[in-house]
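Trainee: Take this structure, written in structure tokens, and hold onto it; I'll ask about it next.
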Amino acid sequence: MKIELTQKQYEALLKIVYLGSWMASSTKDEPEMEYEKIEQYILSFAKDFKMENFVGFDKKMKSYFPTEEFENSTDVVEQIDAYNEYTVWEALVLSLSRRDIIKKYGAEKVDKISDEELLEKEYPFIQKYEEEFREHGFDNLYVKPKK
């Protein structure tokens, strides 16, 4: 199979592959090798698309790497920042909602109810926290000291 891309499409593909690889590997000690191989393959075409400013080659390691110019490009930085912000708020809302529903119904009951019923019971908590954080961000969030 052969895929033909314009330079603009290749640049978009570079960003997609980089962001996907970053997401899959950023929380791990070692990169996902399956993704790493695909990333290396896609990066290897940079010269063909005259994008050497975005991709370098380490002769010693015999591998391609995204350049600092690429990693600091506005598109990439904005995508990562937006993803990080979204996941922080999403995790916080869901964690606090789960804590509250367990406090209200008990862990045993929560473990036994169906996913549909759980979502129905948890949704008001989710809405409450989404509204709070949308309006106030972290301003009203405090850690209560143990007594």
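The values are calculated or read from the model by the stated rules, or taken from the named source; none is laboratory data. Here the structure is a predicted model, which is why all the values come from computation and not from measurement. Positions of Cβ are generated from backbone atoms using ideal geometry, with glycine treated the same way; all protein chains shown enter the neighbour counts. Side chains are part of the model used for accessible areas, which takes the heavy atoms of the whole protein and leaves out ligands, DNA and RNA. Shrake-Rupley method; radii C 1.70, N 1.55, O 1.52, S 1.80 Å.
Trainee: Suppose we flag chymotrypsin sites (Phe, Trp or Tyr not before Pro) only when DSSP calls them loop and at most 10 other Cβ atoms lie within 10 Å. Which is the longest uninterrupted stretch of the chain?
Mentor: 1-137
Trainee: Calculate the all-directions average of the projected area of the stretch 23-147's alpha-carbon convex hull, and give it in nm².
Mentor: 13.1
Trainee: Something else about it: Whole Å is fine, so just give me how far the alpha carbon centre of the stretch 115-146 lies from that of the stretch 1-22.
Mentor: Taking the Cα centre of the stretch 1-22 as reference, the centre of the stretch 115-146 is 38 Å away.
Trainee: Over the chain, what relative contact order in percent results from Cα pairs under 8 Å that are six or more residues apart? Numbers along the way, then the final one.
Mentor: On the way: 71 pairs, mean separation 19.6, N = 147.
It rounds to 13 percent for the chain.
Trainee: Further question: Rank Gln40, Leu5, Met23 by how far each Cα sits towards the positive end of the charge dipole of the stretch 1-45 (+1 on Lys, Arg Cβ; -1 on Asp, Glu Cβ) and give me just the farthest.
Mentor: Leu5
Trainee: Once neighbouring chains are kept in place and the probe is 1.4 Å, which whole percent of the accessible area of the stretch 39-128 is contributed by carbon and sulfur?
Mentor: With neighbouring chains kept in place, the figure for the stretch 39-128 is 53 percent.
Trainee: Please report the net charge: other residues with Cβ closer than 14 Å to the Cβ of Tyr105, K and R +1, D and E -1.
Mentor: Summing Lys/Arg as +1 and Asp/Glu as -1 gives +1.
Trainee: Taking the stretch 50-131, which GluC sites (Glu not before Pro) meet the DSSP loop condition and have no more than 13 other C-beta atoms within 10 Å?
Mentor: Within the stretch 50-131, the qualifying GluC sites (Glu not before Pro) (loop, at most 13 other Cβ atoms within 10 Å) are Glu52.
Trainee: Here is a further query. Please give the charge dipole size of the chain, origin at the Cα centre, charges +1 on K and R Cβ atoms and -1 on D and E Cβ atoms. Round to the nearest 20 debye.
Mentor: 480
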